[in-house]
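Data first, discussion second: the structure below is written as structure tokens.
The values are calculated or read from the model by the stated rules, or taken from the named source; none is laboratory data. For clarity, every value in this text was computed on a predicted model and none was experimentally measured. For neighbour counting, all protein chains shown are included, and Cβ atoms are generated from backbone atoms with ideal geometry for every residue, glycine included.
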Amino acid sequence: MNPDFWKNRNVFVTGATGLLGSWLVSKLIEKVANVTCLVRDWVPSSYLILSGNIDRINVVRGELEDYSTVLRAINEYEIEAVFHLGAQTIVGTASRSVLSTFESNIKGTWNILEACRACSKLVRRLIIASSDKAYGAHKKLPYTEETPLLGRFPYDVSKACSDLLAISYFHSFKLPIGVTRCGNLYGGGDLNFSRIIPGTIRSALENKRPIIRSDGKFLRDYFYVEDAVDAYLNLADQMDRSEIHGEAFNYGTETPSTVIELVKLILKLMEKEDLEPVILNEATNEIREQYLSCNKVKEKLNWEAKYSLRDGLVKTIQWYQKHFSGSRNYFMAD
């Protein structure tokens, strides 16, 4: 990537208080971009705020569901690049609050797309975050980008819809769109402890047995957040290539792990192997086995993950150790 590519470019990020958004904004600031973020809730524990990065960006307060706010932000800040990461991302929450999830994930996406269409003279690159969940359950694994989107549960359906909307806006209006379908993201800064990685790390630090909601045999591809930031910037950098417009790309490590294998690896790395996991076996509305082929992104964008699961977990554990020690010395990258 050109090290000066983002310098002084006007960039709009949704979902900036989330895990990926916080890391992406930090990297864009480092690259001297002019960053504007749509922020709905004030989340004091978000890295965006803890780091002080909130004072280095333009903040537009509002919701993805409000088209006029989204349009105003893109138009008035003369946005060239859009990273649409904003969504309700918790599978369990989606099952409990279906309507709000659909409002955020589906309506929010079409608002972004329509605002970019209205400002098409400004927007030169638009990255839409889909998910590996959009594929739904398939017998043939790994998923390739040609695998049909067959999401069935609320979260999965919401991401499949946002994915299809993005592809529709490319084919209908030739917007410069790229779609990302990532594995399960993890990394320092994720303070939603219902997720398996931060929840397990916190339990181990508190010398408590970690909780596994499923039977422990669910198979997933876990994707470290610094790799994800690199992937998003790499794709956006290359959006001047019209032949990749309207394309979707899988991102992951191609090394799937079961939940119980993941938890045991975390406990081993933390030297807490005596803490036997509590297996609740109560997970519902989740796909049992899923992982991704990343051949397309390797071939077309010359990209691949740098962090193994072990290496990513080591950095993630170190982040939480600092966090729970009361340190505010949060460094996103070495």
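Within region 1-38, the residues that satisfy the criterion of being under 15 Å from Glu78 (Cα atoms) and either touching a residue at least 60 places away in the same chain (Cβ under 8 Å) or touching a Pro at 6+ places or on another chain (Cβ under 6 Å) (or both) are Trp6, Arg9, Asn10, Val11, Phe12, Val13.
The condition (being outside any helix (DSSP H, G or I), of a type outside the set (Val, Ile, Thr), crowded, with 20+ Cβ neighbours inside 10 Å and at negative phi) is satisfied by just one residue among Leu126, Leu150, Leu122: Leu126.
Of all residues in region 98-124, those satisfying the criterion of being without any contact (Cβ under 8 Å) to a residue 40 or more places away in the chain and over 20 Å from the mean Cα position of the chain (by Cα) are Leu99, Lys121. When the residues of region 179-208 are filtered to those that are within 14 Å of the chain's Cα centre (by Cα) and small (Gly, Ala, Ser), the one that is nearest to Val259 (Cα to Cα) is Gly183. Taking every residue in region 125-145 that is in contact (Cβ under 8 Å) with a residue 24 or more places away in the chain and within 14 Å of Arg220 (Cβ to Cβ) and pairing it with any residue that is small (Gly, Ala, Ser) and surrounded by fewer than 24 Cβ atoms within 10 Å (Cβ to Cβ), at least 6 positions away or on another chain, the pairs with Cβ-Cβ distances below 7 Å are Lys133/Gly151; Pro142/Ser293; Tyr143/Ser293. Outside any strand (DSSP E or B), over 21 Å from Asn285 (Cβ atoms) and in contact with a helix residue (DSSP H, G or I) (Cβ under 6 Å, 6 or more places away or on another chain): does that describe Val60? Considered against the rule, which asks whether it is outside any strand (DSSP E or B), over 21 Å from Asn285 (Cβ atoms) and in contact with a helix residue (DSSP H, G or I) (Cβ under 6 Å, 6 or more places away or on another chain), Val60 comes out as no.
Going by the structure shown, is Val259 under 13 Å from the mean Cα position of the chain (by Cα) and in contact (Cβ under 8 Å) with a residue 12 or more places away in the chain? Spelling it out, it is not the case that Val259 is under 13 Å from the mean Cα position of the chain (by Cα) and in contact (Cβ under 8 Å) with a residue 12 or more places away in the chain.
Here Val35, Val70, Val25, Val43 are screened, and the one residue that is outside any helix (DSSP H, G or I), modelled with pLDDT of 95 or more and either under 17 Å from Asn192 (Cα atoms) or out of contact with any Lys or Arg (no Cβ under 7 Å at 6 or more places or on another chain) (or both) is Val35. Is there a residue being over 17 Å from the mean Cα position of the chain (by Cα), aliphatic (A, V, I, L, M) and farther than 15 Å from Ile197 by Cα anywhere in region 236-246? Checking region 236-246: at least one residue is over 17 Å from the mean Cα position of the chain (by Cα), aliphatic (A, V, I, L, M) and farther than 15 Å from Ile197 by Cα. Taking region 55-83 as the range and being small (Gly, Ala, Ser) and more than 18 Å from Lys107 (Cβ to Cβ) as the test, only Ala81 passes. Within region 282-321, the set of residues being touching a Gly at 6+ places or on another chain (Cβ under 9 Å), more than 24 Å from Thr144 (Cα to Cα) and in a loop (DSSP other than H, G, I, E, B) comprises Ala283, Thr284.
Residues of region 64-86 that are in contact (Cβ under 8 Å) with a residue 40 or more places away in the chain, on the phi < 0 side of the Ramachandran plot, in contact with a strand residue (DSSP E or B) (Cβ under 8 Å, 6 or more places away or on another chain) and not β-branched (Val, Ile, Thr): Leu64, Ala73, Tyr77, Glu80, Ala81, Phe83, His84, Leu85, Gly86.
So which of Ser168, Ser158 ends up being crowded, with 22+ Cβ neighbours inside 10 Å and not hydrophobic (A, V, I, L, M, F, W, C)? The conditions single out Ser158. Suppose we filter Glu289, Glu299 for residues that are in contact (Cβ under 8 Å) with a residue 60 or more places away in the chain, over 23 Å from Gly188 (Cα atoms) and surrounded by fewer than 16 Cβ atoms within 10 Å (Cβ to Cβ); which single one remains? None of the others qualify; the one that does is Glu289.
A residue that is assigned to a helix (DSSP H, G or I), at pLDDT below 95, closer than 23 Å to Tyr47 by Cβ and touching a Leu at 6+ places or on another chain (Cβ under 9 Å) occurs somewhere in region 322-334. Against the test of being modelled with pLDDT under 95 and part of a helix (DSSP H, G or I), the options Leu48, Leu20 yield a single qualifying residue, Leu48. Is at least one residue of region 94-105 assigned to a loop (DSSP other than H, G, I, E, B) and either closer than 24 Å to Tyr169 by Cβ or not hydroxyl-bearing (Ser, Thr, Tyr) (or both)? For region 94-105, residues assigned to a loop (DSSP other than H, G, I, E, B) and either closer than 24 Å to Tyr169 by Cβ or not hydroxyl-bearing (Ser, Thr, Tyr) (or both): absent.
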